[in-house]
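Notes follow once the structure below has been shown.
Values in this text are rule-based calculations from the coordinates and carry no lab data. All of these numbers come straight from a predicted model, not from anything done at the bench. Cβ placement follows ideal geometry from the backbone for every residue including glycine, while neighbour counts extend to all protein chains displayed.
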Amino acid sequence: MTIRSGRSRFRSTVVALAVAALAVGGAATVVFQTTTPARAASPVEDEGADCPVSVPGSLTANSRLPDPFRRLDGTRISSKADWRCQRAQIRELVERYVYGDKPAKPSSVTGTVSSSNITVNVSHNGRSSSFSASVQLPSGSGPFPAVVVLGGFGADTAAIRSAGAAVISYDPYVVGREGTPRNNKQGAFYSIYGNTSSTGLLAAWSWGVSRIIDVIESSGGNVLRTDIGVTGCSRFGKGAFAVGALDQRIALTMPIESGSAGVPIFRGIPGEGAQSLSSAYGEQPWLGDAFGSFTGNPNNLPVDTHEIVAMVAPRGLFIMDNPHIANLGPRSASVAALGGAEVYKALGAGDNITYWSDVSDGSHCANRAEWRTPLQQHIQKYLLKTGNAPGTIRIASKAAGNLSQWRDWQTPTLTDGPSTPPPTGQPTTPPPTGQPTTPPPTGQPTTPPPTGQPTTPPPTTPPAGGSCTASVTPGTVWGDRYNTSVTVSGASSWTVVVAITPPQRVSTTWSGSFSWDSSGNVMTVRSNGSNTFGFTTMMNGNSSARPQIRSCTAG
């Protein structure tokens, strides 16, 4: 990475130097760069939809930013694979206390995609609604990636198209209208879910973009690809931020000058002189109804916006901010970016987040020369897949927040490999590559498969090794995954070697001490006080192979 201060340049491997520089009053602009590759967006809207999450029964005031690595049971995640369900926990808190519920894909979503227009038709539980968005293609031959532009102002659409991406002009008001009371919300979303829904406009707008993506996915890809970005300024910057956080198919999220109810940390807004939380909550029903309980006491929130930043990880995130308007809360926004960047770095994706408030023009939602090149570089990197420009934290000195004043937690070193269970030995977090339902130690899934009836694979007869025997009990197959439970007899202390046939991969493990060879296809399991262990395997297109016991050794 490279850290730049003013015009001088020096190299360092210590990330803390960038943060320390921000703690100095009047510090010059700080630029933080690394060189990790771009991460692909997910093929699904919500990877953690199957993760078991229970919200806290009571809330405890905390003036510091909540630890994004801490589970609700008090334990901390320790592997990168744990992030999938940790993110699901954060999403549950965000929807419950901040945005309101964003429902999953409705029972029927149809529509059309042309070179000039996208139509969306939604039906669910006997209700229906429709809306459309216009399309402007760049020059050249498609299909093209696209950037969804909320609201039609503040985004540099000319730069987007010249970079090679289409512009989808999306009017959020057709999905969730402003100027309505909370008990009579209007728009396509509320036509489906009711005008007294407690879901705020930002989540409703996000739902609308998700339905646009559904239609693009089903269109055959002749005009638009499924490489999608999202942007918007001011209130539509709030919306773009929510869109990217709540749909993991978004490859690049670019909120601009989003202000209160957007990127700035809720806990920092009262002390910065930004638009108050009560004002933002009351101006429009942007936030969910439940947030009204926290406008005067954000310290009681079990979540904050640095964790919404983290929800975008490891996908591309380019936050553009204005340090000249205190009402936008730019200092608090920089803290949110720095806090969320800790998750990016822990996931090995520190290069995929950019925060840029070092701009000279203070006009709200202006097209700025400082952002044009990085904007196009981000489109090339995340949507066109032709670039690899480094991520940048470039904070104007007049609005530089200090993360160290807001956190009492440290960033862990997350390991590679399968997810790690909490101390109880219960599997909780499958890896980010799939959507396995978390099984209990018995090897049975906690939720039924999404379609059809589960089938049971044929028994596996494992070889005996040394002075112990490892016996396999095949578990249930559901979707693209299955469980395996192993019982060891003949020794109280043992080591079992299990081979997995590629491209299958183990996702979740429990009740043993697991390690892997360099290929990731052979795992060694050692006893940890139990005579059984188990794991879930993702089939990845190979539905016939089953794990094989290579050896069982006592001692």
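So here's what we get for this one:
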{"item": "Euclidean distance of C-alpha centroids, segment 65-131 and segment 158-224, integer Å", "result": "14"}
{"item": "Which of Glu178, Glu307 has the fewest Cβ neighbours within 10 Å, and the rest in rising order", "result": "Glu178, Glu307"}
{"item": "Listed residue pairs exceeding 28 Å between alpha carbons, taken from Lys185/Lys238; Lys102/Lys398; Lys105/Lys185; Lys185/Lys398; Lys80/Lys185", "result": "Lys102/Lys398; Lys185/Lys398; Lys80/Lys185"}
{"item": "Other-chain or far-sequence residues with amide H under 5 Å of Asn322's (modelled H)", "result": "Glu257"}
{"item": "Cβ-Cβ FRET estimate between Ser544 and Trp516, R0 fixed at 25 Å, reported to 0.05", "result": "0.65"}
{"item": "Label point distance in nm, Asp73-Ala40, each placed 7 Å from Cα along Cα→Cβ", "result": "3.2"}
{"item": "Extended-chain gain in nm, criterion 0.36 nm per residue less alpha-carbon gap, Thr386 and Thr373", "result": "3.2 nm"}
{"item": "³J(HN,Hα) computed for each position of segment 518-524 - Karplus, 6.51 cos²θ - 1.76 cosθ + 1.60, integer Hz, glycine/proline x", "result": "5, 6, x, 9, 10, 10, 10"}
{"item": "Packing-based ranking, highest mean first, of 109-116, 310-317 given that Cβ atoms within 10 Å are counted", "result": "310-317, 109-116"}
{"item": "Fully extended contour minus Cα-Cα distance, from Ser278 to Thr110, at 0.36 nm per residue", "result": "56.6 nm"}
